[in-house]
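Read-outs: derived from the displayed coordinates by stated rules, not from any lab. As the structure is a computational prediction, the values presented were derived from the model and not from experiment. Here Cβ is always computed from backbone atoms with ideal geometry, including for glycine, and neighbour counts include all displayed protein chains.
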Amino acid sequence: MSIRQQAEFDGKEVHDLINLGFDETDDDSLPLAKEAFVLLLVCINSHWKLPIGYFLSNGLSSTQKQTLIKHCLSLLHQNNVNVVSLTFDGLSNNFSMAKQLGCNFDDVNSLKTCFPHPSDSNQEIAVFPDPPHMLKLVRNTFGEKRCLFSSEIIDWKYVEALHKLQESESVHLGNKLRGGHIKFSKQKMKVKLAAQLFSSSVADAIDYCHNKLKLQDFIRSEATVEFLRLINTLFDVLNSRSIRQHGYKKTVSKQNADLYLQFMHKAKAYILSLTESRGGLPILESRRKTGFLGFLICIKSFEAIVAKMISSERPDLIYFPLYKVSQDHVELLFSAVRFHVGSNDNPTARQFRSAYRKLLVNAEIKCTASGNCIPLTDVKILTVSSSVSSKTVINVTTQCTSMVEHESSVDEQPTEMALPCVFLSECTNDIVYYIAGFIVKKLSVSLKCSSCISELYPENIPTSLSLVSYKSEGKLIHPSNDVFSIYNFEFSSAAVVTKCLGLAFGAGRLQVRNPIPLKIPRYVGLLHAKSCDGDQTSSRWCGADVWRAGASSGVVFVICPNDYEPPIPMTTRVTSSVLNGHKMDKALD
């Protein structure tokens, strides 16, 4: 962790000089420290972590690091602590440190990823380059080189084409791909951008555009889809946290160890086959090899851990949560240290020591959501005052909802609605169908009437390919034709309102653009709004009734009469209309 180079005197000693803990004599001629080298212990079979030491330095060599690691391992062995793995990031001298400890990464076909314990030669410790860090390095290589090669070309242009398609349609094919994932150069530290790029949802969307929509921009994208899926699955295994998950996100255990080892063998062969171009230099011999080499080391160490602790006759663990070998835990510790000194990214050595001591004496605080890392599991720091917490009693109550049918005062005459004159592409129609299935899922939870619930589902599941078919793993829901028609009508109506009133839906906001005078047919438009306060009220807006529903519904209905044509020129001021959480106080001309 970087610290500020600033000497401080507290009346007794000078802080911020380098201190590796071996020389007890004070020397004012020592250079100022610029970083803190921290060692953190994470428990595999429990939920705690413990900082066991820090060293102030102005840059440690690989030799100095391996000396400190060996000394730390010896002290832990004296206290009967069984260390099974060592995790570090992608810094080059970290790999050199691992080699000096006894590993060998020169021959990628026969890697040696374990080194003997300095206090017990019969015990071996596996090394794990931090999987999230390796994922970011692979993303950087793919995004900056733009092309790799396996059996066919792996091209970055398909990711860009998917983003362009989704921006043009104003809807997304069930993935989180945004502009930040494409232009990541200023956000390279964010792991989630790399994880969301190498995801099955992005691979499914590219596959859908190629096989279902038959778009020219996605021709010969099979190799890119295969690459995205493999890196996604590999990261899922190395980031697994719970035995209750499904698929490859489930932690490795004796029941699924063989399946995971088969996949790891496949992933290893795939990474070894990657080249920079057709017939070009292997990626593991290029200057951008670190991320791919790191994943190969993780695969080899994974095999050693499974053989030792899971698949043996007397296994040490029922399952192994590989998230525990991630460097996220030390990143969260650094985040807590920074937060203790007022969200200071560059604390002095004195501030660092003070925050470090507070954390050891149970002054742990909640990590900020804007840091380099966010907590995925509840792994607390083991403190001096750690004890069994008191039980929390949770009263679970089920809200009883009664459905009373009141006599309607409105004449129940069939009303004929003209469908909005908006053409939805095949891609948008499939997305609307996908969202309608999500609506059915939510309604099925809230509704109490079994007959009503049954009407939400189709009698026969469609056999034709759709976005739901591409993304479904047995959990996605197909809506009935009625639900799909209703939501399709609402979506189309919103598109008409957008076109007629000059409104554009953005990311979390409603923007006003220049409206054009159109002859508007009779329709009911639905605009989603995050905050709609007050009871049901109405106001007049250019001859149209604007109904604002209560806060519980969170919708705005815009109802126009038949063949309503706005006057020209139209100058109307809408004052403080709360739409989508933003006030709109614009003059619409």
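Phi angles across segment 168-181 convert, under the Karplus curve 6.51 cos²θ - 1.76 cosθ + 1.60 with θ = phi - 60°, into 3J(HN,Hα) values of 5, 7, 6, 9, 10, 7, x, 9, 9, 5, 9, x, x, 6 Hz, Gly and Pro given as x. Between amide H atoms placed 1.01 Å from N, distances below 5 Å from I125 occur with F115, H117, all of them 5 or more places distant or on a separate chain. Residue-wise HN-Hα couplings along segment 312-318, as the Karplus relation 6.51 cos²θ - 1.76 cosθ + 1.60 with θ = phi - 60° gives them from phi, are 6, 5, 10, x, 6, 10, 6 Hz; Gly and Pro carry x. For F88, the residues 5 or more places off, or on other chains, whose built amide H falls under 5 Å of its own are F128, D130.
Quick check on my link table: of K65/K190; K145/K183; K112/K254, which ones sit more than 19 Å apart, alpha carbon to alpha carbon?
Details: K65/K190 27 Å; K145/K183 14 Å; K112/K254 24 Å.
Distance filter (> 19 Å) returns K65/K190; K112/K254.
Here's how it looks for I52: its modeled amide H is under 5 Å from those of L39, L40, L41, which are all 5 or more places away or on a different chain. Sequence-ordered 3J(HN,Hα) estimates for segment 269-282 from the Karplus curve with 6.51, -1.76 and 1.60 and θ = phi - 60° stand at 4, 5, 5, 5, 8, 6, 10, 6, 7, 5, x, x, 6, x Hz, glycine and proline given as x. Using the beta-carbon distance between S74 and L50 and R0 = 22 Å, what value does 1/(1 + (r/R0)^6) give for FRET efficiency, to the nearest 0.05? Computed FRET efficiency for S74 and L50 comes out at 0.80.
Between K12 and F438, what length in nm is gained on full extension when 0.36 nm per residue of separation is reduced by their alpha carbon distance?
Full-extension gain reported as 146.9 nm.
As a rough footprinting exposure proxy, the listed residues V361, V42, V445, V337 were ranked by other beta carbons within 10 Å of their own, and the order from fewest upward is V445, V361, V42, V337. Between K448 and R244, the distance separating the two model label sites (each 7 Å from Cα on the Cα→Cβ line) works out to 2.8 nm. Summarising the label geometry, the points placed 7 Å from Cα in the beta-carbon direction at N481 and N346 lie 6.7 nm from one another.
What nm distance separates the two modelled labels at E167 and I182, each placed 7 Å from Cα along Cα→Cβ? Using points 7 Å along Cα→Cβ, the separation is 0.4 nm.
Each principal axis of segment 426-501 carries a Cα extent, and these read 40, 29, 17 Å when sorted largest first.
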